[in-house]
Amino acid sequence: MKGKTALITGSAAGLGFAIAEALARAGCDIVLHGIESAESVQPQQARLEREHGVGVAYIRSDLADPGAAERMIAQVRALHGGIDVLVNNAVTRHFAGVAEFPAERWDRALAVNLSAAFHTIRLSLPGMRERGWGRIFNMTSVYGSRAVANRIDYVTTKTALIGLTRSVAIETINQGITCNAICPGAVLTPTSELRIDALMAETGLEREAATERFLAGKQPIQRFVDAAHVAQLLVFLCGEAGTDITGAVLPVEGGWLAS
């Protein structure tokens with residue numbers, strides 16, 4: 001994939017960064033994105049450049065801002081001329097019942113989790129069509145296929161991303177472009193680390209026991225999915241064997257949806 005450029009939103013840490021690292025290993029120039037300071041991201045950015053010999057840029061942008069996606073895509077074009085691989089991974093979430101859910105948090109989730117993906121896709125597609133090649137990935141979730149209490153923003157937006165994926169896939173048939181949804185289960189990320197830490201503090205459990213309780217009734221493998229495995233699937237789909245896989249929802253969730 002040398003010579004191609006990948007933009008991964010929400011990639012300063014966690015699953016997004018694991019995807020960025022896998023694409024860098026495959027030869028892609030990388031554009032990281034997040035709301036973290038450039039100084040905090042710089043060590044990871046420098047490591048990717050040093051270890052994989054690719055260009056790595058970082059764009060700090062809050063995608064809740066209606067014009068943020070357009071400015072971000074313009075910056076990537078200025079740096080690299082276009083986007084070959086687009087990964088919509090940025091997400092925000094809030095935990096509350098629907099009757100108590102703050103309206104401003106709902107609006108933010110729609111903007112970051114869903115509208116930003118629409119805007120990055122619509123702005124990236126013309127260039128992909130000109131070059132006759134592109135890979136678009138929307139990071140959905142098990143909760144795009146199942147509901148859970150007190151997460152109305154996350155369940156709604158992750159479900160909607162599946163519809164967006166299928167629509168874009170149909171519109172790009174036979175254009176050298178694919179659009180797929182990756183459906184991870186519980187992946188160990190900074191957010192899930194915080195929730196495990198809180199459970200340990202609340203219950204006095206050791207980490208392994210707290211992890212098992214956290215995953216009880218969810219992921220049958222009773223451990224977190226490795227973020228690197230999700231990233232490797234995405235890289236595979238960028239290759240020749242992924243040419244005819246489009247409009248798919250691809251689970252990496254340790255049997256959760258089968259249980």
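The values are calculated or read from the model by the stated rules, or taken from the named source; none is laboratory data. Remember, predicted model here, so these are calculated numbers, not experimental data. Please note: Cβ atoms are built from the backbone with ideal geometry, for glycine as well, and neighbour counts cover all protein chains shown.
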Checklist entry - Of the conditions (1) of a type in the set (A, V, I, L, M); (2) within 26 Å of GLY132 (Cα to Cα); (3) loosely packed, with under 13 Cβ neighbours inside 10 Å, ILE182 fails just one. Which one is it? => result (3)
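Residue-wise test of (1) touching an Asp or Glu at 6+ places or on another chain (Cβ under 7 Å); (2) in the same structural domain as PHE118 (by TED's automatic domain parsing); (3) closer than 23 Å to TYR143 by Cα.
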position: THR156; (1), (2), (3): no, yes, yes
position: ILE162; (1), (2), (3): no, yes, yes
position: SER167; (1), (2), (3): no, yes, yes
position: GLU193; (1), (2), (3): no, no, yes
position: ILE196; (1), (2), (3): no, no, yes
position: GLU202; (1), (2), (3): no, no, no
position: THR211; (1), (2), (3): no, no, yes
position: LEU215; (1), (2), (3): no, no, yes
Checklist entry - Is one or more of the residues making up the stretch 30-39 assigned to a helix (DSSP H, G or I), in contact with a Leu (Cβ under 7 Å, 6 or more places away or on another chain) and more than 29 Å from ALA103 (Cβ to Cβ)? => result no
Checklist entry - Which of (1) closer than 23 Å to MET128 by Cα; (2) surrounded by fewer than 18 Cβ atoms within 10 Å (Cβ to Cβ) is the odd one out, the single condition ASP29 does not satisfy? => result (2)
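Okay, residues lined up against (1) out of contact with any Gly (no Cβ under 8 Å at 6 or more places or on another chain); (2) surrounded by 13 or more Cβ atoms within 10 Å (Cβ to Cβ); (3) more than 30 Å from GLY27 (Cα to Cα):
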residue	(1), (2), (3)
ALA198	yes, no, yes
GLU202	yes, no, yes
LEU205	yes, yes, yes
ALA216	yes, no, yes
GLN219	no, yes, yes
LEU233	yes, yes, no
GLY239	yes, no, no
Item to check | Candidate set: the stretch 136-156, residues that are more than 14 Å from VAL98 (Cα to Cα) and of a type in the set (Val, Ile, Thr); chosen: the one surrounded by the fewest Cβ atoms within 10 Å (Cβ to Cβ) | outcome: VAL142
Checklist outcome for this item: Of the residues in the stretch 131-141, those that are more than 13 Å from the chain's Cα centre (by Cα) and either free of Cβ contacts under 8 Å to residues at least 24 places away in the same chain or within 18 Å of GLY10 (Cβ to Cβ) (or both) come to ARG135
Checklist entry - Pick from GLY3, GLY82, GLY10: which is outside any strand (DSSP E or B) and out of contact with any helix residue (DSSP H, G or I) (no Cβ under 7 Å at 6 or more places or on another chain)? => result GLY3
Checklist outcome for this item: Of the residues in the stretch 163-172, those that are crowded, with 19+ Cβ neighbours inside 10 Å and not hydroxyl-bearing (Ser, Thr, Tyr) number 3
Item to check | Residues that are more than 20 Å from the chain's Cα centre (by Cα), part of a helix (DSSP H, G or I) and exposed (fewer than 15 other Cβ atoms within 10 Å of the Cβ), drawn from the stretch 87-130 | outcome: VAL98, ALA99, GLU100, ALA103, GLU104, PRO126, ARG129, GLU130
Item to check | First in the stretch 101-117 and over 13 Å from LEU63 (Cβ atoms), second anywhere and assigned to a loop (DSSP other than H, G, I, E, B), Cβ under 9 Å, 6 or more apart | outcome: PHE101/HIS94; PHE101/ASN150; PRO102/HIS94; ARG105/THR92; ARG105/ARG93; ARG105/HIS94; TRP106/HIS94
Checklist entry - If VAL142 passes every condition in (1) touching a helix residue (DSSP H, G or I) at 6+ places or on another chain (Cβ under 9 Å); (2) over 22 Å from GLN232 (Cα atoms) but one, which one does it miss? => result (2)
Next on the checklist: Restricting to the stretch 190-207, name every residue that is under 20 Å from ALA12 (Cα atoms) and out of contact with any Phe, Trp or Tyr (no Cβ under 9 Å at 6 or more places or on another chain).
Outcome noted: PRO190, THR191, GLU193, LEU194
